[in-house]
Amino acid sequence: MIDLLTSRVMGDIFLGVTQGVLYGLIGLSLVIVWQSTNILNFAQGAMAMFATYVGMTLLEHGLNYWACLAISVAAGFVLGGATERVLVRPLYGKPEINSIVVMVGFLGILEAGAIAIWGGTSRMIVSPFSLSYFQHNGKTIFLSPFAILQIAAAVTVMLIVAGLFRFTKLGLQLRAAALAPEVARLLGVRVNRLLTLGWALASAAGAVAAVVISSGFEGLTPTNMDVYFVFGFIAAAVGGLESPLGAVLAGVLIGMLQQFIVDYAPPSWASFSPVLILVVALMIRPQGLFSKQRVRRV
Amino acid sequence: MVSIKQFIANRPTSARALATLVATIALLGLAIIVDPLNDTYLATASIMAIAIVGLSLLIGLSGQVSIGNSGFMAIGAFTTAIWAQHHAHFPLLGSMALSVAVSTVAGIVLGLPSTRLRGPYLAGMTLAFAFAIPPFIQSLGTFAGGSGGLYFPTLQTPAWFASAIGEKDNPLAANNTWGAAIAIVVAAVAFFFMANFFHSRSGRAMRLVRDNDVAAELVGVNVARTRVLAFAISAAFAGLAGSLLAIIQSSVLPQTFGVALSIELLSLLVLGGLGTLGGAMIAGLIAAYSDSIVSRINSWTGIDPVSNLGGSLKGIIFGLILIATMLLAPSGLAGLGHRISRFVRSRVAQKKALSVSETP
Amino acid sequence: MNSQVPRLAFRSVSVEFGGLRALSDVSFDVSSGEIVGLIGPNGAGKTTAFNVACGFVAPTSGTVEFPDRGVTQPKPHDLASIGVARTLQGVGLFDHLTILENVMAGGQIRPGGGAFRGLLGLPSAGRSERQLTADALAALERLDVAEFAAKLPGSIPYGIAKKVSVARALMGSPTLLLLDEPASGLDERELDEFATLITSLKSDMGVLLVEHNMDFVMPLVDRLVVLNFGEVIASGTSSEVRSHPEVLAAYLGVEQ
Ligand SMILES: Nc1ncnc2c1ncn2[C@@H]1O[C@H](COP(=O)(O)OP(=O)(O)O)[C@@H](O)[C@H]1O
Ligand SMILES: [Mg+2]
C-alpha cells in the first residue's frame, strides 16, 4: 500500500490533482457566471488575484492566516457583486463582443492596477501548513499537508456550491434568470439580486483558489492568475460551461495530464498541450463533454 | 467629362489603387522628412495597422472574436526569423510571403474549430492559443532560439535609397527611414487588398454569416468555409505584421507575443472602430505613439515613470478606454467621426431647409 | 418545360427528435406552376418539414429529393445553386446590411464572387457586382419598395421587410420557393398584395408555403397538404380538404 503511494504514477496523480483542483475552482467560477448571465468572465482570474491581494495587505498588518483567507474570500464576494452591478449590468442584451471586450478591459485594469498598487513581484501568504512532502522509508509521497488543505478547500467550495445549487432553489433560479429573465421575474424571482449573487459567489470561489496559490511555491503575482484562467477556462469549456461538476472533473484531468507530460515528455509541452485537448474536445463535442446535446433551431 | 463619383462607382479598384498610391507617396515623404525616432513610430504604426485591420476583418466583418492574433504574429515573426537565421541573404518579399503562408495555415487550423464554436467558446479558445504559442516556440529549442529569442543581421539599406534621401553619411537615419518605407509600402498594399475585400462579395458573405448564419446558408453561403476563410485572412495579415516586425527589429523574442499583445490589438481595434479601414489606421497610429503619449502623461502628472504606477499606467488607461468605448461609443473613434460628420451635415441641411422655407 | 418532373419530393420522410416523432412517413411533392400549402395545427411538424427539405435537419428515414435536378438531400448552402429559395419565419433579414445589400445577398452564388478576386479587386468581380446591384434594385422596384434601398431592416415596416425577403429569394431566379408563414403579421391590404405577388410567381416556379391564416391560404393554393402530429392526414384541393372529416376534427374544428 505504502509502496503504491510512493510510486511514480501515484506521485504524478497526487501532484496533478493538487494542481488540477485549482483549475477546477476557476472553472467552477466561470460556470457559475456563465449560467447566471451567459457571459464568459475573462477577468475571473484577475478578480481573484485582486481580492487576495487585498486580503494579503491586511495580513501584513498582523492578522492570522484564516482571517486573511476569510477577508480575501469576502473581498472576492464584494468585488464580484460590484462588478456585476457596475460593469456587467449595462451589457445584458448587447452583442457578445461587448461583454468580451469589457471583461478583457477589466482584466487589463485589474492586473495593471495591482502592479500599480502592490508592484509586480511575487507575494506569498505563509500558511500554517507545511509545503514539504510526506516521506516514507526515504521515499517521497508527493503530498504535503498544504496540498491536502488545498484539495480539501477545493472540495469544500465545490460541496458548498453543489449544495446551494441542489438543495436550495438557487441553481434553478439562476438558470431561470439567465434563460428567461422576464418569466423568472413574473414567477417572483428577484432577478437582479440573483445575478449579483451569482457573480459574487463565483468571484468568492475564485478567491479561494488565489489564496491557495499565494500560499504555494510560486506565490501570487498580478499576472500569474492568467495561467489559471486559461486552464480553468479549458476545464469549464471541456466540461461544457454549464456543468459545475464537469468543470471540476475536467480541471483535475487537465492537471493530471500536465503532470504526466512534465514527467514523461518535454516539460515545456505542459503549458500548451491543454490547448490541444480543448481543440480536440470541442471538435468532438462542441457543446462540451459533460453537457446535454443542444440543437440548432431554425 | 467623368465625375469623380462616377469614376469611383465604375472603377472602384482603380480608385482605391489611386488613393493608395497618393497616401503611400505622402507617407513616404513624411518618413523622409521626420527624424529617425518618428521613422520607427511610422514603421510601428504601419505594422500594427496591418495586424489590426486583419483582426477587424475577423471580428468586425465575420463576427468572430479572437484574442489570439498575437499568436499568428508570433508565427509570422518566427518564420521570418528562423529563415533569416539559416540563410545569410534572404529576400524581403520571399520571407514575408513565407510568413504569410505559414500563418495562413495556422489560421486555417485554428479556424476549423470555429465552424462549430460560438462567441465566448471561440474567444476563449483563441485566448488559449495566444497563451500557448510563446511556450510552444520556446519548446522548439535552439532552432527557434528558445526563450532568448533570435537575432539576425540588421536590415541593409540599399545605397541608392540612402543617397536618394540624402542620408549617405548617416547610416542610422537612412536605416530607420528605409525600415519605415518598407513598412509603409507593405501596409499600403495590405490595406489596398483589404479595401477591395471589404467591398467584395466574399466580404459581404462574412457580414451575412455574422448577422444571420441560417439566412446566409440559404442564399448559398458556405458558412463553415466563410468562417475559416476569415480566420485565414486575419492570420495572414497578422503573420505579415509579425514578419515585418522581425525584419525591422532584427530580433524576435517569444515573450513579446503573449496574451498582452492580443489584448492590446483588441483594445486598439475597438478604440479605432470595428470593421472599418480608417479605424484600423487610427489604431495603428495610437499603437505607435501610445508609449510616448503615456510618458507625456507621466511628466504632466509628475508620476515617476519607473514607479509601479508609472509602469502600469498604460495598461490601466488601455483598460479604461476599452470599457469606456464599449459602454459609451461602441463604434469607436472612426464611428465617432462618422457620427459627428453626419450630425454636422444634418445641421447644415436643416439650416438650408430653414432658409429655403423662409425665402418665399 | 418538364413540368411532369416534380421540383420537390418528400418520400416517406420520418424525423424523430429523441423519442418525439415530429414527422411520420410523410410523402408529397411540388411541381412547377403550382402553389402547395402545408397546413396543420401548431406543433404538427410544418417547420420541421421545411428544415428537412433545406438540409437543416436530417430525416431519420426516407429522403427529400429535388428530382428535376437529380439531387437528394442537399446541404443548406447548396440549395441556392439548385434553384431553391426559402424565406424564414419572421423576416430573416441581415440586420446590419442595407435593404439593397440584403437583396444583393440573394445573388451571392453568382460567378465572380471568389475570395481571391475580391482581394485583388479584379475587373470581372467589379462588373459582376455592378450587375448584381442593378438587378437588386430592379427586384426592389418590381416589388415597389425601391425607396427603402438605403435603409436598414430595423427601420422599415414589417410588411415591407417581408417583401424584401421575397425580393431576396427571387434574386437567385429560383425554380422552387419555400415560404415559411409569409402572411403572419401582415394587414388586410398587405395580405391581398402578397397573394397577388405569389400567384404571379407560380408561372416560373413551384411554391410551397406554410401558413396558419386559412383565409389567406384557401383561395391561394392549388393543393393543400394537411399535417397532424407529424402525419399527412389529408391532401388535395382546398375544397376537398375542407370537407375532409379528419381535417375538420383535427384542425379546422379547433378554430371554428
Ligand atoms: N430541434 C428540435 N428538437 C426537438 N424537438 C423539436 C425540434 N424541432 C421541432 N421539435 C418538435 O417537433 C414538433 C413539430 O414542431 P414544428 O415542426 O416546429 O411544428 P409546426 O411548425 O407545425 O408548428 C413539435 O412537437 C416540436 O416541439
Ligand atoms: Mg412552425
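Data overview
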| quantity | calculated |
| --- | --- |
| Among the candidates C:Phe50, C:Phe17, C:Phe10, residue that is more than 14 Å from chain B (Cβ to nearest Cβ), open to solvent by less than 30 Å² (accessible area, probe 1.4 Å) and either within 15 Å of ligand 1 (Cβ to nearest atom) or not charged (D, E, K, R) (or both) | C:Phe10 |
| Failed item, numbered, when C:Gly106 is tested on (1) touching a residue at least 24 places away in the same chain (Cβ under 8 Å); (2) at the interface with chain B (Cβ under 7 Å from one of its Cβ atoms); (3) assigned to a helix (DSSP H, G or I); (4) open to solvent by 30 Å² or more (accessible area, probe 1.4 Å) | (4) |
| Residue in segment C:24-35 that is within 11 Å of ligand 1 (Cβ to nearest atom), open to solvent by 20 Å² or more (accessible area, probe 1.4 Å) and part of a loop (DSSP other than H, G, I, E, B) present | no |
| Residue ID - farthest from the other protein chains (Cβ to nearest Cβ), chosen from residues in segment B:186-216 that are among the β-branched types (Val, Ile, Thr) and within 27 Å of B:Gly94 (Cα to Cα) | B:Val186 |
| One residue from A:Gly113, A:Gly108, A:Gly120 being part of a loop (DSSP other than H, G, I, E, B) and within 14 Å of chain B (Cβ to nearest Cβ) | A:Gly120 |
| Boolean, B:Ile282 is under 30 Å from B:Val186 (Cα atoms), more than 14 Å from chain A (Cβ to nearest Cβ) and either out of contact with any strand residue (DSSP E or B) (no Cβ under 7 Å at 6 or more places or on another chain) or open to solvent by 50 Å² or more (accessible area, probe 1.4 Å) (or both) | yes |
| Segment B:128-144, residues that are open to solvent by 20 Å² or more (accessible area, probe 1.4 Å), more than 30 Å from A:Gly27 (Cβ to Cβ) and either among the hydrophobic types (A, V, I, L, M, F, W, C) or assigned to a loop (DSSP other than H, G, I, E, B) (or both) | B:Phe143 |
| Matching entry among A:Leu131, A:Leu170 (being among the hydrophobic types (A, V, I, L, M, F, W, C) and within 27 Å of A:Leu58 (Cβ to Cβ)) | A:Leu131 |
| Count - residues of segment A:207-236 that are open to solvent by less than 20 Å² (accessible area, probe 1.4 Å) and under 19 Å from B:Ala123 (Cβ atoms) | 10 |
| Check on C:Thr63, among the β-branched types (Val, Ile, Thr) and within 16 Å of ligand 2 (Cβ to nearest atom) | no |
| Condition check for C:Leu179: within 16 Å of ligand 2 (Cβ to nearest atom), surrounded by 17 or more Cβ atoms within 10 Å (Cβ to Cβ) and within 14 Å of chain B (Cβ to nearest Cβ) | yes |
| Odd one out for C:Thr196, checked against (1) open to solvent by 40 Å² or more (accessible area, probe 1.4 Å); (2) of a type in the set (Val, Ile, Thr); (3) in contact (Cβ under 8 Å) with a residue 12 or more places away in the chain | (3) |
| Enumeration of residues in segment B:293-319 that are open to solvent by less than 30 Å² (accessible area, probe 1.4 Å) and among the polar types (S, T, N, Q) | B:Asn298, B:Ser312 |
| Among (1) more than 7 Å from chain C (Cβ to nearest Cβ); (2) under 22 Å from B:Ala51 (Cα atoms); (3) over 20 Å from the mean Cα position of the chain (by Cα) - the single one B:Phe231 does not satisfy | (3) |
| Contacts under 9 angstrom Cβ, first residue in segment A:233-261 being away from chain B (no Cβ under 13 Å), partner of a type in the set (Asp, Glu) and surrounded by fewer than 24 Cβ atoms within 10 Å (Cβ to Cβ), 6 or more apart | A:Met256/A:Asp12; A:Gln259/A:Asp12; A:Phe260/A:Asp12 |
| Every residue from segment A:48-97 that is within 13 Å of chain B (Cβ to nearest Cβ), at pLDDT 85 or above and either open to solvent by 50 Å² or more (accessible area, probe 1.4 Å) or under 21 Å from the mean Cα position of the chain (by Cα) (or both) | A:Phe50, A:Tyr53, A:Thr83, A:Val86, A:Leu87, A:Val88, A:Arg89, A:Pro90, A:Tyr92 |
| Matching residues, segment B:100-127, being facing chain A (nearest Cβ under 7 Å) and part of a helix (DSSP H, G or I) | B:Pro113, B:Gly119, B:Pro120, B:Tyr121, B:Ala123, B:Gly124, B:Met125, B:Leu127 |
| Extreme residue, modelled with the lowest pLDDT, among residues of segment C:80-128 that are out of contact with any strand residue (DSSP E or B) (no Cβ under 7 Å at 6 or more places or on another chain) and within 16 Å of ligand 1 (Cβ to nearest atom) | C:Gly90 |
| Residue match in segment C:133-152 (condition: buried (at least 19 other Cβ atoms within 10 Å of the Cβ), at pLDDT 95 or above and either within 14 Å of another protein chain (Cβ to nearest Cβ) or touching a strand residue (DSSP E or B) at 6+ places or on another chain (Cβ under 7 Å) (or both)) | yes |
| Among (1) within 15 Å of ligand 2 (Cβ to nearest atom); (2) in a strand (DSSP E or B); (3) open to solvent by 10 Å² or more (accessible area, probe 1.4 Å) - the single one C:Gly43 does not satisfy | (2) |
| Any hit, segment C:74-95, residues being surrounded by fewer than 16 Cβ atoms within 10 Å (Cβ to Cβ), farther than 19 Å from C:Phe10 by Cα, within 14 Å of chain B (Cβ to nearest Cβ) and touching a helix residue (DSSP H, G or I) at 6+ places or on another chain (Cβ under 6 Å) | yes |
| From C:Leu97, C:Leu132, residue being closer than 30 Å to B:Ala188 by Cα and assigned to a loop (DSSP other than H, G, I, E, B) | C:Leu97 |
| Enumeration of residues in segment C:22-65 that are touching a residue at least 60 places away in the same chain (Cβ under 8 Å), of a type in the set (Gly, Ala, Ser) and farther than 17 Å from C:Glu211 by Cβ | C:Ala22, C:Ser24, C:Ser27, C:Ser31, C:Ser32, C:Gly33 |
| Elements of type helices (runs of 4 or more DSSP H) in segment B:1-92, at least 1 residues being closer than 19 Å to B:Ala283 by Cβ and either within 14 Å of another protein chain (Cβ to nearest Cβ) or open to solvent by less than 50 Å² (accessible area, probe 1.4 Å) (or both) | B:12-33, B:36-56, B:69-86 |
| The listed residue being within 13 Å of another protein chain (Cβ to nearest Cβ) and surrounded by fewer than 19 Cβ atoms within 10 Å (Cβ to Cβ), out of B:Ala159, B:Ala236, B:Ala224 | B:Ala224 |
| Total residues in segment C:46-60, condition part of a loop (DSSP other than H, G, I, E, B) and either within 16 Å of ligand 2 (Cβ to nearest atom) or not hydroxyl-bearing (Ser, Thr, Tyr) (or both) | 6 |
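The values are calculated or read from the model by the stated rules, or taken from the named source; none is laboratory data. Since we're looking at a predicted model, the values are computed, not measured. Backbone-built Cβ (ideal geometry, glycine too); neighbour counts: all protein chains shown. Keep in mind that these areas ignore ligands, DNA and RNA; they rest on the heavy atoms of the full protein, side chains included. Shrake-Rupley method; radii C 1.70, N 1.55, O 1.52, S 1.80 Å.
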